[in-house]
1. Quick check: is even one residue across segment 71-87 acidic (Asp, Glu), away from ligand 2 (no atom under 15 Å from the Cβ) and within 27 Å of PHE172 (Cβ to Cβ)?
2. Mind checking whether some residue in segment 156-169 is loosely packed, with under 13 Cβ neighbours inside 10 Å and either in contact with a Cys (Cβ under 6 Å, 6 or more places away or on another chain) or β-branched (Val, Ile, Thr) (or both)?
3. Could you list, in sequence order, all residues of segment 128-155 that are surrounded by fewer than 20 Cβ atoms within 10 Å (Cβ to Cβ) and within 19 Å of ALA50 (Cα to Cα)?
4. Are there any pairs, at least 6 apart or on different chains, whose C-beta atoms fall under 9 Å, with the first in segment 133-152 and more than 28 Å from VAL174 (Cβ to Cβ) and the second of a type in the set (S, T, N, Q), and if so, which?
5. Of the residues that make up segment 187-196, is at least one free of Cβ contacts under 8 Å to residues at least 60 places away in the same chain and within 15 Å of ligand 1 (Cβ to nearest atom)?
6. Output the number of the condition that LYS94 fails; it satisfies all remaining conditions of (1) assigned to a loop (DSSP other than H, G, I, E, B); (2) over 30 Å from SER199 (Cα atoms).
7. I'd like to check which strands (runs of 3 or more DSSP E) are fully inside segment 105-199 and have at least 2 residues that are within 14 Å of the chain's Cα centre (by Cα).
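Every number in this text was worked out from the coordinates using simple rules, so none of it is lab data. Since this is a predicted model, take the numbers as computed values, not measurements. Here the Cβ is made from the backbone with ideal geometry for all residues, glycine too, and neighbour counts use every protein chain on show.
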Amino acid sequence: MAAMENHIQKILFTEEQISQRVSELASQITLNFSSSTNNGGAPLLSSSSAPVVVGVATGAFLFLADLVRKINLPISVDFVRVESYGSGTVSSGKPKISCDLKIDVTGKHVILVEDIVDTGNTLACLFEHLISKGASSISVCTLFDKPSKRKVNVELVGEGKFYRGFECPDYFVVGYGLDFAEVYRNLPYVGILKPEMYS
Ligand code: 5GP
Ligand code: MG
Ligand code: MG
């Protein structure tokens with residue numbers, strides 16, 4: 001890892017911190033979806049009423065992989081791809097769904113898994129899309145949140161819960177799925193690049 005470490009100015013979230021928080025989020029999800037359908041010893045959540053966990057590609061791939069292994073429910077997993085950033089560090093503000101779900105989410109509880117919520121434009125676009133497909137509720141599980149950059153109030157839209165791993169300071173961060181120009185996704189931690197890496 002020495003070569004890539006030289007590109008990093010500062011680590012903001014370590015592998016251990018991330019792993020601990022991912023476990024906590026998975027426990028909350030497991031608990032919330034078990035208790036809402038499991039009154040007083042009734043049969044456990046069936047696979048038809050279990051949530052569909054939808055990762056927003058590519059950034060959520062590592063978070064989703066770690067999260068779902070710790071969710072103790074008969075979930076299904078799918079991906080959706082949304083383009084908004086291109087290769088820069090400032091959102092274009094007009095996200096587009098460039099690869100749709102394979103699973104039919106009509107009447108299903110959906111949990112959208114995101115790497116980071118910034119302006120909220122990506123989530124707003126996905127909410128609209130999933131509602132039009134007839135999802136019965138939409139929750140969000142994002143590892144990072146930059147509330148200072150929010151333009152759309154996405155916490156209130158989905159009729160589900162909003163799970164948040166960490167509040168992220170207002171820097172452009174890379175690692176654990178998050179890229180700069182498609183690079184650095186494979187870093188096991190999250191940090192800030194040295195300024196010279198942008199040129
Ligand atoms: P939003 O649509 O909420 O403005 O942005 C959401 C998407 O922008 C995220 O899913 C992520 O792909 C990208 N993004 C936002 N902030 C950052 C950041 O600090 N680092 C990286 N690598 N991507 C970011
Ligand atoms: Mg993303
Ligand atoms: Mg990106």
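1. no
2. Within segment 156-169, the first condition is being loosely packed, with under 13 Cβ neighbours inside 10 Å, and the residues that meet it are 156, 167, 169.
In the following step, the residues that additionally are either in contact with a Cys (Cβ under 6 Å, 6 or more places away or on another chain) or β-branched (Val, Ile, Thr) (or both) were identified as none.
No, because not a single residue in segment 156-169 is loosely packed, with under 13 Cβ neighbours inside 10 Å and either in contact with a Cys (Cβ under 6 Å, 6 or more places away or on another chain) or β-branched (Val, Ile, Thr) (or both).
3. We begin by selecting, within segment 128-155, every residue surrounded by fewer than 20 Cβ atoms within 10 Å (Cβ to Cβ); these are 128-129, 131-134, 136-137, 146-153, 155.
ILE131, LYS133, GLY134, SER136, SER137 - these are the residues of segment 128-155 that are surrounded by fewer than 20 Cβ atoms within 10 Å (Cβ to Cβ) and within 19 Å of ALA50 (Cα to Cα).
4. LYS133/THR106; GLY134/THR106; ALA135/THR106; SER136/THR106
5. No; the residues of segment 187-196 include none that is free of Cβ contacts under 8 Å to residues at least 60 places away in the same chain and within 15 Å of ligand 1 (Cβ to nearest atom).
6. Among (1) assigned to a loop (DSSP other than H, G, I, E, B); (2) over 30 Å from SER199 (Cα atoms), LYS94 violates only (2).
7. In segment 105-199, 109-117, 137-145, 159-167 are the strands (runs of 3 or more DSSP E) which contain 2 or more residues that are within 14 Å of the chain's Cα centre (by Cα).
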